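The values are calculated or read from the model by the stated rules, or taken from the named source; none is laboratory data. In this text the structure is predicted, and so the values were computed from the model without any measurement. Here the Cβ is made from the backbone with ideal geometry for all residues, glycine too, and neighbour counts use every protein chain on show. Keep in mind that these areas ignore ligands, DNA and RNA; they rest on the heavy atoms of the full protein, side chains included. Shrake-Rupley method; radii C 1.70, N 1.55, O 1.52, S 1.80 Å.
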Amino acid sequence: MIAALVISLLVLFLIGVPVAVALGLSSSLALLVAGDVPLQVLAQRAFVSLDSVPLMAIPLFMLAGVIMEYGGISQRLINLANAITGHVSGGLAIVTVVTTMFFAAISGSSVAATAALGSILIPAMLSRGYHKEFAGGVQAVSGTLGIIIPPSIPLILYGVAAGTSIGDLFIAGMVPGIIIGLGLIITVIILAKKRDYLKEPKKTRKEVWQAFIEAIPALIMPIIILGGIYSGIFTATEAASVAVVYAFIVAIVFYKAINLTNISKVLTQATVTTSTIMFILATAGLFSWILTIENIPQQVAEAITSISDNSLVFLVFVVVLLLIIGMFMETNAAIIILAPILAPVALEVGVDPVHFGIVMIVTLAIGMVTPPLGLNLFVVGNIANTRLDKLAISLIPFYIAILITLALIVFVPSISTGLVNLLQ
């Protein structure tokens, strides 16, 4: 049964079948091979995979992100970042990183952040003389912060799959996200000075203040979300509902960018994106269930602990494994399949489940910008009109920066857990 499951999945991946369909077909074939499991289980387990209150946060956060895109919130964040950092070497590239960090603190999606901001910032960088591979690469790698800085859809999925507090995961993602962002900014400054990219004119104090005032409604949003969750006022799912209502108010009342003519586009885009994720979750949940009933998690745990029960050795092994998997598997599917297998092993060898969750998400985030599946690369490649291989080569300095920060996160657990422990 497991042989049929794994072999069929690999074959389907190799011939280019979409992830959600591949997971569903391989699971169906495995049940047919088993013979003693009725096929009604397919529908039942798929439904059970989605029948979770915390998962309701996903469509809501997706909707909040789309509202940001259409509601003028993205542009205000760009204006603020430009006012603060635009005058530094490689100013617009730094603005890209900083704005994506702001956007990540509201949207929870890497691809959404990359698409929404890239459509504005990549053409702006090209017009200032930046190489198109550099412009696209900066936006693509900055987009990875969308699933690290809370609220994060992958963090929600990990929390559900591993039975870990989503509120703690959100708090734990803040410091690693900021550290990675700073690493990317340092890399941008070094490359910009070497290539003599233009600086933006320095803004006056009045202009900085004006940009800040206009961005205040957008900046308040992550404070409401994270503050409400950790103070116990509402859960992550309820926070997502609050985020949607607040985003609508800001977009309609303050920025007056959403009206009856474009509201249908907002709802349609959010629905299509959410449906894609939910389809993956349904089939990945079925796939994970088959692994569980065949005791694969226990066998994996025994195999790993037989090699070494040292927590650092285990984490290094997981990082290498996830770096490879992230190149070929969509992030959400990887979390749903692997978190129930690896999280119990992490706990057994003494790794804090919150720390492990952050390590897992950060590592898989790198897969968003590594070929052949790197979704962010496809998004920016279309915007910048450049090839995937050229983008990947231009990202080598950024790969190094992220791997260095990942090593810090792995070997210094307090980077992830320190803020959580402080606030408890």
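S152 meets all of the listed conditions (1) of a type outside the set (K, R); (2) open to solvent by less than 10 Å² (accessible area, probe 1.4 Å); (3) in contact with a Lys or Arg (Cβ under 9 Å, 6 or more places away or on another chain) but one, namely (3).
Each row is one residue, and each column tells you yes or no for (1) more than 20 Å from V188 (Cα to Cα); (2) open to solvent by less than 10 Å² (accessible area, probe 1.4 Å); (3) out of contact with any strand residue (DSSP E or B) (no Cβ under 9 Å at 6 or more places or on another chain).
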{"residue": "V111", "(1), (2), (3)": "yes, no, yes"}
{"residue": "P123", "(1), (2), (3)": "no, no, yes"}
{"residue": "S127", "(1), (2), (3)": "no, no, yes"}
{"residue": "K132", "(1), (2), (3)": "no, no, yes"}
{"residue": "Y158", "(1), (2), (3)": "yes, yes, yes"}
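Taking each residue of region 5-26 that is in contact (Cβ under 8 Å) with a residue 40 or more places away in the chain and within 20 Å of P372 (Cβ to Cβ) and looking for partners that are open to solvent by less than 70 Å² (accessible area, probe 1.4 Å) and charged (D, E, K, R) with beta-carbon atoms closer than 8 Å, six or more apart or interchain, yields V19/E330.
Tell me, which residue of region 175-229 that is among the acidic types (D, E) and within 14 Å of L92 (Cα to Cα) is most open to solvent (accessible area, probe 1.4 Å)? If we take residues in region 175-229 being among the acidic types (D, E) and within 14 Å of L92 (Cα to Cα), then D196 is most open to solvent (accessible area, probe 1.4 Å).
Going by what's in this entry, would M56 be described as modelled with pLDDT under 80 and either of a type in the set (G, A, S) or assigned to a helix (DSSP H, G or I) (or both)? Taking the combined requirement at face value, the residue does not satisfy it.
Of the residues I258, I249, which single one is surrounded by fewer than 16 Cβ atoms within 10 Å (Cβ to Cβ) and among the β-branched types (V, I, T)? Can you show your working first?
Numbers: I258 fails: surrounded by fewer than 16 Cβ atoms within 10 Å (Cβ to Cβ).
Matching residue, one of I258, I249: I249.
Among the residues of region 354-391, the ones that are within 20 Å of S152 (Cβ to Cβ) and not aliphatic (A, V, I, L, M) come to 8 in all.
Where residues in region 404-420 are touching a residue at least 40 places away in the same chain (Cβ under 8 Å) and farther than 20 Å from P353 by Cβ, which of them is nearest to the chain's Cα centre (by Cα)?
If we take residues in region 404-420 being touching a residue at least 40 places away in the same chain (Cβ under 8 Å) and farther than 20 Å from P353 by Cβ, then T405 is nearest to the chain's Cα centre (by Cα).
Between K194, K206, the distinction of being among the basic types (K, R), under 26 Å from G72 (Cβ atoms) and out of contact with any Ser or Thr (no Cβ under 9 Å at 6 or more places or on another chain) belongs to K206 only.
The combined condition, being under 19 Å from the mean Cα position of the chain (by Cα), within 20 Å of T164 (Cβ to Cβ) and not charged (D, E, K, R), is fulfilled by L321.
Being at positive phi and under 27 Å from the mean Cα position of the chain (by Cα) holds for only one residue in G232, G177, and it is G232. Cβ-Cβ distance below 8 Å, separation of 6 or more or different chains: which pairs start in region 271-299 with a residue that is at pLDDT 80 or above and end on one that is in a loop (DSSP other than H, G, I, E, B)? As it stands, the answer is I290/M1, since those pairs meet every condition given. Being open to solvent by less than 10 Å² (accessible area, probe 1.4 Å) and within 17 Å of G181 (Cα to Cα) is the requirement here; does I84 meet it? So I84 fails the test.
Exactly one residue among A384, A401, A392 is more than 16 Å from the chain's Cα centre (by Cα) and more than 27 Å from P18 (Cβ to Cβ), and that residue is A401.
Sort through P59, P54 and tell me the only one that's open to solvent by 10 Å² or more (accessible area, probe 1.4 Å), within 30 Å of L121 (Cα to Cα) and touching a residue at least 12 places away in the same chain (Cβ under 8 Å).
Being open to solvent by 10 Å² or more (accessible area, probe 1.4 Å), within 30 Å of L121 (Cα to Cα) and touching a residue at least 12 places away in the same chain (Cβ under 8 Å) holds for just one of P59, P54, which is P59.
For T100, the requirement of being of a type in the set (S, T, Y), assigned to a loop (DSSP other than H, G, I, E, B) and touching a residue at least 24 places away in the same chain (Cβ under 8 Å) is not met. Which one of S74, S110 is among the hydroxyl-bearing types (S, T, Y), within 16 Å of A218 (Cα to Cα) and touching a Leu at 6+ places or on another chain (Cβ under 8 Å)? Criteria check complete, one pass: S74.
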